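Working notes for the structure below.
The values are calculated or read from the model by the stated rules, or taken from the named source; none is laboratory data. Everything numeric in this text was worked out from a predicted model, so none of it was measured. Here the Cβ positions follow ideal geometry from the backbone for every residue, glycine too, while neighbour counts run over all protein chains shown. Side chains included, ligands, DNA and RNA excluded: accessible areas come from the protein's heavy atoms. Shrake-Rupley method; radii C 1.70, N 1.55, O 1.52, S 1.80 Å.
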Amino acid sequence: MATPFVHLHVHTEYSLLDGACRLEELVGKAAALDMPALAITDHGAMYGVIEFYQACRKAGIKPIIGCEIYLARRSMKERERQDREARHLVLLAENIVGYRNLIKIVTAAHLEGFWYKAKADFELLDRHREGLIVLTACKQGRIAECILQGDDEGATSYLGRLMDIFGRDNVYLELMNHGLEGQEEILQGKVQLAARMGLGTVATNDVHYVSREDADAHDVLLCIQTQASLSDPNRLRFESPEFYLKSRQEMQEVLGAAPEAIDASGEIADRCNVELQLGKLMLPHFGVPEGYDLDSYLREQCEKALPVRYPNSGPEVRQRMEYELQVIRDVGYSGYFLIVADFIREAKQRGMLVGPGRGSAAGSIVSYLLGISEIDPLRYGLLFERMLNPERVSPPDIDLDFPDHRRDEIIEYVREKYGRDRVAQVCTFNTLGARQAVRDVARVLGMDSSTVDRLSSLIGSAKTLQDALEATPELADWRDRDPAIAQCLQFASKLEGVARHVSVHAAAVVIADAPLTEYVPLRGERDGTITTQYAMDAVVAVGLVKMDFLGLRTLQIIQRTCDMVRKNYGVEIDPLKIPLDDAATYELLSRADTMAVFQFESDGMRELLRKLQPDRFEHLIACVALFRPGPMRWADTFCAGRHGAPVVYPHPKLEPILRETYGVMLYQEQVMQAASVLAGFTMPQAEKIMRAMSKKQVAEMERMKPLFIQGCEANGIPARVAEDIFARMETFAGYGFNKSHSAAYAMVAYWTAYLKAHYTAELLAAQLTAEMDDIKSVAKYVADAWHMGLEVQHPSINFSDVEFTVEGRTIRVGLGAIKNLGRHTAEAIVRERLNG
């Protein structure tokens, strides 16, 4: 039986705007071709490694982790004109040691060797050589360059250097044949070098797209990368449509004269066995006083806070605390809560106004006792299992809100406490959405702006082009009538969803128990920020502690307002002590005078407030949850119930659960409570069924539905009624909101409403000041990117808000938050910054 052929040189979509292989499609084709293994070797980075690894494992294919690095012509630290270009070299990890060395090489190339590209050099390779196999790459490799130049001495010297570092058995001359000019000469030269120097050869295909018919779409992608058009004869292009995932037979057709090179691919694949341990949380060390461990120290902190938070507590308070502490201890997350509490305490000691909580963390009494959250979960019926389910253990996710102008300060504290080599922000990938894909492709095809604008308008907010075509007959008809539009949409559909560029996640920060390069590769931003090369899901998968440090401008505005009130009137305002039953505040909310009130400024929300006439904090929690596309259909029912209309409950046993929302199942927590009351589910079981419903996990719902019906029948509810209730729960869960999150947002909204009701001038002045800072910040970013010749991108930019032309090029700057200063002021500031 022939040795299987394995592709060892593959560029996925994470070779940004160069590789067009979507991972799922790529791995799927490899599986269809019965390939036992597949490599990932993206250009200069390891962005897609974990996602690739997981996809291969799921498909029953061995993942081979590699990277096509850029090797500096001299030293990676040289910055002369001749050092702009670099040669390609493929590195494959043979084992876990090689994987970690690959991480270190790629990281150093980004943090120490980045100049035009992330470059490594021989010295770096020598420091991290163990466990790596080397392939000599494509026409952009040094060996191919030497062969074409007739530089036999250079080729021999280069190979000798690689053998000295990695060992003869770990260096392979890479053979490929795409029918390109000079490639036959390179192939023959490599075969001769291998024979003379006793080295192995291996067949590869430098894969950049999945199938041969994807070549044209890849050509368009290259044009997007280089901002060229298809009509430009001098643009960067691949001169052959052969850079796809070929079968063994197809590889034999082009490299049949070197059968040993084809077999070598499988032999190398057999040697590569990287086993990653995913899913195990690795908490950083948190020091506790002598005589304590993490569990006992967490308990002591909660015990100390108990009489402060609950001066008249009954047994239900202690019972809830004991339950949560037990679960936290059992899953090993005591250190996590202590780490977060430490950040919060430090921020407050520095005089920062920290948010009252966000997300499911507000459902935990331990969070409340530690000061992580300022929302009493017992008072508002918030559930701990929504945050941490002992039957579905996943890392807790606590989001932390800090004033946006001081967020970096608290991240710096974390770096100082845990070590700069153990803390980094997380990268994120912007993908080609439907509208962006069409705009980019249309530009490449040379379409006029009016056509592009009309196409964009017809696509609207559709997530995919297929969705847009199904929802908009006019678009489908235009495609059918006009071949140019059909071609544009065809290319765009091939490219939508592909990673476009990498940036910094707006909030996520990781903290490790060892130097980060033991787990993840790193990269650097222009401003010196260091981020992981793995995105959020991937860093969680490898076991790193991920926390969201969010910069909330509203907290800055609130703090500035309080400072002005103190200065102007000598009145001290602590937002945490503002009474939640202030009549003037609810009067302001009921008349919808809510410009500058967090979350409550939009026309639709103001209309909801007028209908509802809120007079208690629970109403504000509901408003936050109601004002979303799904729940809004129940807004009239909710408001009618609030004003005395008869309330209808799906079942009498649901009345205690749905009374506060007038029969509307508004919150995810209510779905959980319904499963508990009706079917006798434990709260951990109830959380699982709620999550399955909300995430449309069909298999899990089918598994749990009979259990739900059986439980209902045991409680005297007929099967027919139980099925109807299950269907209703499923509908509600699809758009139900996390009540803990609603409560936290409602609290910040109430703070701003209170300040506007009592100190209007100060609140508006604080907002104007913050808006001016926001415009200046974005303007600086735009100008810096512009003057460096880079594409203008920014996490907070919505490119449709402000658009104008400078030096013949269009800038779209997102200033959607700017309401009072206006477009023209914003534009003037950006222009001033651009003009230096």
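Starting from residues that are among the hydrophobic types (A, V, I, L, M, F, W, C) and touching a Gly at 6+ places or on another chain (Cβ under 7 Å), keep the ones in the stretch 633-648 and report whichever is most open to solvent (accessible area, probe 1.4 Å). Talk me through it step by step, then tell me what you get.
Within the stretch 633-648, the subset among the hydrophobic types (A, V, I, L, M, F, W, C) is 634-635, 638-640, 645, 647-648.
Filter again for touching a Gly at 6+ places or on another chain (Cβ under 7 Å), leaving 647-648.
Working: Val647: 49, Val648: 118 Å².
Of everything passing the filter in the stretch 633-648, Val648 is most open to solvent (accessible area, probe 1.4 Å).
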Next on the checklist: Looking at the stretch 25-36 only, could you name the residues that are touching a Gly at 6+ places or on another chain (Cβ under 8 Å) and either crowded, with 17+ Cβ neighbours inside 10 Å or assigned to a helix (DSSP H, G or I) (or both)?
Outcome noted: Ala31
Next on the checklist: Filter the stretch 182-226 down to the residues that are in contact (Cβ under 8 Å) with a residue 40 or more places away in the chain and either at positive phi or part of a strand (DSSP E or B) (or both) and list them by number.
Outcome noted: Gly182, Gly200, Thr201, Val202, Ala203, Asp206, Val207, Tyr209
Checklist entry - Does the stretch 212-221 contain at least one residue that is hydrophobic (A, V, I, L, M, F, W, C), open to solvent by 10 Å² or more (accessible area, probe 1.4 Å) and within 30 Å of Asp448 (Cβ to Cβ)? => result yes
Item to check | Pairs, first on the phi < 0 side of the Ramachandran plot in the stretch 404-418, second part of a helix (DSSP H, G or I), C-beta under 6 Å, six or more apart | outcome: Asp404/Arg553; Asp404/Gln556; His405/Gln556; Ile410/Ala347; Tyr413/Glu346
Checklist entry - Tally time: how many residues in the stretch 649-698 are over 20 Å from Gly734 (Cβ atoms) and hydrophobic (A, V, I, L, M, F, W, C)? => result 2
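Can you say whether Ala424 is part of a strand (DSSP E or B) and in contact with a Leu (Cβ under 7 Å, 6 or more places away or on another chain), as far as the supplied structure shows? Steps first, answer last, please.
Numbers: part of a strand (DSSP E or B): yes; in contact with a Leu (Cβ under 7 Å, 6 or more places away or on another chain): yes.
The answer is yes for Ala424.
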Checklist entry - Taking the stretch 302-346 as the region of interest, how many residues are assigned to a helix (DSSP H, G or I), open to solvent by 40 Å² or more (accessible area, probe 1.4 Å) and over 28 Å from Thr682 (Cα atoms)? => result 4
Next on the checklist: I need every pair where a residue in the stretch 95-111 that is touching a residue at least 12 places away in the same chain (Cβ under 8 Å) has its Cβ under 7 Å from the Cβ of a residue that is in a helix (DSSP H, G or I), sequence separation at least 6 or different chains.
Outcome noted: Arg100/Glu518; Ile103/Thr517; Lys104/Thr517; Ile105/Leu124; Ile105/Leu125; Thr107/Thr517; Ala108/Leu124
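Picking from Asp397, Asp401, which residue would you name as being under 30 Å from Ile557 (Cα atoms) and open to solvent by less than 30 Å² (accessible area, probe 1.4 Å)? So that I can check it myself, show each step before the final result.
On the way: Asp397 fails: open to solvent by less than 30 Å² (accessible area, probe 1.4 Å).
Result of the check over Asp397, Asp401: Asp401.
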Next on the checklist: For the stretch 704-726, which positions are free of Cβ contacts under 8 Å to residues at least 24 places away in the same chain, within 24 Å of Pro631 (Cβ to Cβ) and open to solvent by less than 50 Å² (accessible area, probe 1.4 Å)?
Outcome noted: Met704, Phe726
Next on the checklist: I need the full set of residues from the stretch 150-180 which are assigned to a loop (DSSP other than H, G, I, E, B) and open to solvent by 20 Å² or more (accessible area, probe 1.4 Å), in order please.
Outcome noted: Gly150, Asp151, Gly167, Asn177, Gly179, Leu180
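Which of the following residues is touching a helix residue (DSSP H, G or I) at 6+ places or on another chain (Cβ under 6 Å), of a type outside the set (Ser, Thr, Tyr) and within 30 Å of Leu455 (Cβ to Cβ): Ala434, Ala424, Ala362? So that I can check it myself, show each step before the final result.
Working: Ala424 fails: within 30 Å of Leu455 (Cβ to Cβ); Ala362 fails: within 30 Å of Leu455 (Cβ to Cβ).
None of the others qualify; the one that does is Ala434.
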Next on the checklist: Any residue that is among the β-branched types (Val, Ile, Thr) and within 23 Å of Gly551 (Cα to Cα) - is there at least one of those in the stretch 313-335?
Outcome noted: no
Next on the checklist: Let me confirm something: among His88, His110, His128, which residue is open to solvent by 20 Å² or more (accessible area, probe 1.4 Å), under 24 Å from Thr532 (Cα atoms) and within 25 Å of the chain's Cα centre (by Cα)?
Outcome noted: His110
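Residues are listed down the side, and each one gets a yes or a no for (1) within 35 Å of the chain's Cα centre (by Cα); (2) of a type in the set (Phe, Trp, Tyr); (3) farther than 22 Å from Ile40 by Cβ:
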| position | (1), (2), (3) |
| --- | --- |
| Leu230 | yes, no, yes |
| Phe243 | yes, yes, no |
| Pro259 | no, no, yes |
| Ile268 | yes, no, no |
| Arg271 | yes, no, no |
| Val274 | yes, no, no |
Checklist entry - Identify, please: which residue in the stretch 273-294 is touching a strand residue (DSSP E or B) at 6+ places or on another chain (Cβ under 8 Å) and assigned to a loop (DSSP other than H, G, I, E, B) and is, among those, farthest from Val331 (Cα to Cα)? => result Asn273
